[in-house]
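The values are calculated or read from the model by the stated rules, or taken from the named source; none is laboratory data. The structure displayed is predicted, hence computed values, not measured ones. Cβ placement follows ideal geometry from the backbone for every residue including glycine, while neighbour counts extend to all protein chains displayed.
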Amino acid sequence: MKLIAVRAMSALAITASMLAFVPAQAHAEDTGAPVTRAGDTSRLTTVDPSGFVDSIAPAENAGLLNYCVQNEYVPYDEAFRTLQAYVKKTNAVPAGNEGNPAYAVGTAGQLQANGHTYSIALAVLPVRQKTCAAVYARAKAAL
């Protein structure tokens with residue numbers, strides 16, 4: 001019985017060591033999602049959607065502010081308090097189990113305007129910072 005257990009453990013160890021060499025990014029490349037290496041910004045966009053911030057729904061703006069706060073593109077403590085008050089004022093996150101699609105879009109780092117979806121998450125850092133500054137300013141002005 002011990003011999004069978006040792007052989008099973010050996011087979012398991014060999015299998016685990018073989019799987020350790022399987023490329024981890026294969027699935028990401030299959031989905032078409034950008035795969036960036038440390039320091040590689042060649043696949044990030046330079047399109048600046050900050051000028052569209054005033055045209056999006058308040059719930060989407062609240063979601064974007066949530067994205068910006070979480071990723072610290074705005075001053076965290078002050079912006080978090082602004083986010084809480086703005087979400088309450090705009091009812092961007094309704095009570096109960098209902099979700100708000102516009103808030104979810106913003107929280108994912110996306111801005112939808114003029115029939116296009118702009119991904120703040122896939123933009124170069126200066127574009128993310130500028131868009132987040134516009135989102136934050138709009139939220140503060142609404143309070």
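Some notes on this structure:
- The set of residues in the stretch 117-143 that are more than 19 Å from ASP77 (Cα to Cα) and free of Cβ contacts under 8 Å to residues at least 60 places away in the same chain comprises THR117, ALA121, LEU125, PRO126.
- Of all residues in the stretch 112-129, those being surrounded by fewer than 19 Cβ atoms within 10 Å (Cβ to Cβ) and either out of contact with any Leu (no Cβ under 7 Å at 6 or more places or on another chain) or outside any helix (DSSP H, G or I) (or both) number 12.
- Subset of the stretch 125-143 [among the β-branched types (Val, Ile, Thr) and within 10 Å of ASP48 (Cα to Cα)]: VAL127, THR131
- All positions within the stretch 88-111 that are in a loop (DSSP other than H, G, I, E, B), modelled with pLDDT of 90 or more and more than 14 Å from ALA57 (Cα to Cα): ALA108, GLY109
- Among the numbered conditions (1) exposed (fewer than 14 other Cβ atoms within 10 Å of the Cβ); (2) within 18 Å of the chain's Cα centre (by Cα); (3) not aliphatic (A, V, I, L, M), the only one that ASN91 does not meet is (2).
- Just one of (1) under 16 Å from ASP48 (Cα atoms); (2) surrounded by 14 or more Cβ atoms within 10 Å (Cβ to Cβ) fails for ALA62. It is (1).
- Filtered by the rule that a residue be farther than 13 Å from PRO101 by Cα and in contact with a Ser or Thr (Cβ under 8 Å, 6 or more places away or on another chain), the stretch 43-67 gives ARG43, LEU44, THR45, ASP48, PRO49, SER50, VAL53, LEU65, ASN66, TYR67.
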